[in-house]
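Asks: Quick one: this structure, given as structure tokens, is what I'll be asking you about.
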There are 2 protein chains.
Amino acid sequence: MTTQHLVKRFDDELNKLDASLSEMGGLAEAQLAEALKALRERDTELAERVIRSDRRVDELEHNVQDQVVQLLALRQPMAVDLRQIVTSLKVSVALERIADYAKNISKRTLQLTPTQTPPRAISGVDRLGRLVQALLRDVLDALARADAVKARAVWERDVDIDDAYNGLVRELLTYMMEDVRTIGGCSQLMFMAKNIERIGDHTTNIAELLIYRLSGAQLEEARPRGT
Amino acid sequence: MTTQHLVKRFDDELNKLDASLSEMGGLAEAQLAEALKALRERDTELAERVIRSDRRVDELEHNVQDQVVQLLALRQPMAVDLRQIVTSLKVSVALERIADYAKNISKRTLQLTPTQTPPRAISGVDRLGRLVQALLRDVLDALARADAVKARAVWERDVDIDDAYNGLVRELLTYMMEDVRTIGGCSQLMFMAKNIERIGDHTTNIAELLIYRLSGAQLEEARPRGT
């Protein structure tokens, strides 16, 4: 095979890796959107579908790992290609977690008792979810376009999520104190809120990885993290 | 340089990577042990120390990533070496998360109001923590000795953690319903319990990665996961 052929093959393989990641990203995004819809509309069938489709994301994560190992074994990638491969592995881990959190939100949706869950509390969780959904959409967009500026903007918005999350937790505690019958439902919602906040965390993480991939620089500043 | 020299250098670098991981593992383990001690003994100074020392774990994670990229760029590792390098990267991510959860437990410890937190509830969280601590110790041990049998045993014990966690959450909900003044404290403890359960999850994950590193096989069976 000529060198040109080899280079083309390598590029094809890198593109395939990107395609797998982008499929994973699309799925994770859809999982979150549907998990929120299922919560909002108390749609148990949809919640069950979200739970089932998590398996595909897990498969893709294994798939990415195999591709990464293959690429590293058969090619000798350098610099930017190498960073792409290494960060792809980490991005796939983050996307798998995001889909897993969405699945968890749906599992909790199935356990909610309508009479014991104030509608206002559900709206609060949904609002936080939409904030994070927008962040996730932006980071996947940045990833698809290799856009470092957009990635940086996502990274900076994490603090908004943290503020919204903290406010929501305080609100949920109030509902619980006002009416003990809501304790079960509201604590489910608290965990859902936490899941969403974690999705935000992983989203920011993907932004960091993209910046590293494009520039080789690791963000040294501590990002303001809500915990 | 002779081939022998090159091989030796490569081995040295792999050993250095292992040493970084094992330092990370030791730190994560100590962070968890101290976070639990600070909770048990209401030791705010210790809790603050746990929060501060998380930074070192973050540094080491970056360090491992740099080593991995270097190793992949300068050597052309194959098969088992390559799997070691790739899994090291993922193990470092898991260890960073574990230390981060320990930090979060300490942050919450600082927010607990003694009069609003039933001592029985704290003991429950501490018990769960010790279960997971034992699991983490075993997986780090398995990692240090490259022991697949031990890794498999850790992987199978995850279900015990899930059961203990679910029982604890039910217990905490009861305290909250019995006395609304404990809602704030008990919901902090619920999140701590969740953090510990997640540490268990990451620990099992490390076991999976070790099995993959040693055998090349990804565990296909779905592991019973509490969510």
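The values are calculated or read from the model by the stated rules, or taken from the named source; none is laboratory data. Since this is a predicted model, take the numbers as computed values, not measurements. We place every Cβ from the backbone using ideal geometry, glycine too, and count neighbours over all the protein chains shown. These area figures cover heavy atoms from the full protein model, side chains too; ligands, DNA and RNA do not enter into them. Shrake-Rupley method; radii C 1.70, N 1.55, O 1.52, S 1.80 Å.
Asks: Consider B:Leu140 carefully, then state whether it is buried (at least 20 other Cβ atoms within 10 Å of the Cβ), in a helix (DSSP H, G or I), out of contact with any Phe, Trp or Tyr (no Cβ under 6 Å at 6 or more places or on another chain) and at pLDDT 95 or above.
Replies: So B:Leu140 fits the description; yes.
Asks: When the residues of the range A:76-91 are narrowed to those that are among the polar types (S, T, N, Q) and more than 10 Å from every other protein chain (Cβ to nearest Cβ), which ends up surrounded by the most Cβ atoms within 10 Å (Cβ to Cβ)?
Replies: A:Ser88
Asks: Hey, can you tell me all the residues within the range A:110-122 that are open to solvent by 10 Å² or more (accessible area, probe 1.4 Å) and either in a helix (DSSP H, G or I) or small (Gly, Ala, Ser) (or both)?
Replies: If the condition is that a residue be open to solvent by 10 Å² or more (accessible area, probe 1.4 Å) and either in a helix (DSSP H, G or I) or small (Gly, Ala, Ser) (or both), then A:Leu110, A:Gln111, A:Pro114, A:Thr115, A:Gln116, A:Pro119, A:Arg120, A:Ile122 are the ones that fit.
Asks: Can I ask one more? In the set B:Val125, B:Val86, B:Val93, which member is in a helix (DSSP H, G or I) and at pLDDT below 90?
Replies: None of the others qualify; the one that does is B:Val86.
Asks: Please work out which residue is nearest to A:Ala102 (Cα to Cα), limiting yourself to the range A:187-198 and to residues that are in contact with a Ser or Thr (Cβ under 8 Å, 6 or more places away or on another chain) and at the interface with another protein chain (Cβ under 9 Å from one of its Cβ atoms).
Replies: A:Met190
Asks: Looking at B:Ala134, B:Ala73 in this structure, which one is within 14 Å of chain A (Cβ to nearest Cβ) and either open to solvent by 10 Å² or more (accessible area, probe 1.4 Å) or at negative phi (or both)?
Replies: B:Ala73
Asks: Hey, A:Ser53 hits all of (1) buried (at least 19 other Cβ atoms within 10 Å of the Cβ); (2) among the hydroxyl-bearing types (Ser, Thr, Tyr); (3) in contact with an Asp or Glu (Cβ under 9 Å, 6 or more places away or on another chain) but one; which does it fall short on?
Replies: Every listed condition holds for A:Ser53 apart from (1).
Asks: For B:Ala94, indicate whether it is touching a residue at least 60 places away in the same chain (Cβ under 8 Å), surrounded by 21 or more Cβ atoms within 10 Å (Cβ to Cβ) and facing chain A (nearest Cβ under 10 Å).
Replies: Yes: the conditions hold for B:Ala94.
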